[in-house]
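Only one structure is covered here, and it is reproduced in the block below.
Any read-out appearing in this document is the output of simple, stated calculations on the displayed coordinates, not a laboratory observation. The structure displayed is predicted, hence computed values, not measured ones. Using ideal geometry, Cβ is built from the backbone for each residue, glycine included, and neighbour counts are taken over all protein chains shown.
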Amino acid sequence: MRNININFNFMVWHRKAVYVSLFLIFVSLVSIFTRGLNYGVDFNGGTIIEISFENSAPIEKIRNYLQDNNYEKSSVQYFGSNKDILIRIPNIISASESSLSNTLISKLNNEYTFSLKRVEYVGAQVGEELRDQGILAALIALALIMIYITLRFEYRFSIGAILALLHDVFLIIGIFSITQIEFNLSVFAAILAVIGYSLNDTIVVFDRIRENFKNSIIENIDTEDLTNSSINQTLSRTLITSLTTLLVLISLLIFGGEILFGFSFALIAGVIIGTYSSIYIASSTLLIMNISVKDIVIEIDEDKP
């Protein structure tokens, strides 16, 4: 196997990259607190109706029909094929949510011929519980990750990894807040998957940094040069993994239909942001905290009996 020597000076930009990331996080937080998220039925509660037609579903006519009949916030999308559609109706305070599906189905039966496949109702309280439990699950995951990396590496590595993960999560949620793409359980699952993906990439870089520190005999070696060299050594692996993952996700985004759009979009954004954060956030944190070869040597000595 031929080794490709890559020597990009990534770390020369590490402070500017941190400033850019801080600005993007600030914009994301402002959008989250001012615009909020466009929560789907999974979190807000509401009714999901799946119906099937013998021929191609008149989706535009049904959308116009819903708007004309005071279902303005409802969404209609293909589900699996152009014969099946999924109707999402958010909770409406002025109406009885439990009777919304029956009323709508009765009205649609007067206009179209179709077969009803399923009707699901999610209460507002259940939606809030799902949201709260999801946030709790993410926080527990981050805490366990920090404990693991602290035991596996020097404690400054864990701080860098957690900051990189928080960076990824805030930017992805900020993108969904700015674009107002529907935020549902599948998007939340994608964010959790991004946490795992980004963490794996960060640990690969960290492990190479630590190994290079161990192999360094000269204690006053330039930490920035060593970090830059470590990133270049893992760059080919990072790019191959990211590009092959993106090829699958782009195909999913194009051909997966509207039902998978938010999921695939969140993963695409997460892979790109996660690759960036592994290089510029996690590694830059080590430089900002002035980690040196002495810290790694002390860590090795402490592991000896």
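Protection proxy ranking, highest mean first, for peptides 249-260, 37-48: 37-48, 249-260, where packing is the per-residue count of other beta-carbon atoms within 10 Å, averaged. Rounded to the nearest 0.05, what FRET efficiency is calculated for Ser81 and Leu243 with R0 set to 35 Å and r the Cβ-Cβ distance? Once rounded, the FRET efficiency stands at 0.70. Along Cα→Cβ, 7 Å out, is where each label goes; now give me the distance between the ones at Asn55 and Glu211 in nm to one decimal. For the pair Asn55/Glu211, the computed spacing is 6.3 nm. Once the Cβ-Cβ distance of Ile250 and Asn64 is raised to the sixth power relative to R0 = 30 Å, the FRET efficiency obtained is 0.45. Packing order of peptides 270-278, 188-196, highest average first: 270-278, 188-196 (average count of other Cβ atoms within 10 Å over each peptide's residues).
Residue-wise HN-Hα couplings along the stretch 163-176, as the Karplus relation 6.51 cos²θ - 1.76 cosθ + 1.60 with θ = phi - 60° gives them from phi, are 4, 5, 5, 4, 4, 5, 5, 5, 5, 5, 4, x, 4, 5 Hz; Gly and Pro carry x. Between Glu129 and Asn9, the simple label model (points 7 Å from Cα in the Cβ direction) yields a spacing of 5.8 nm.
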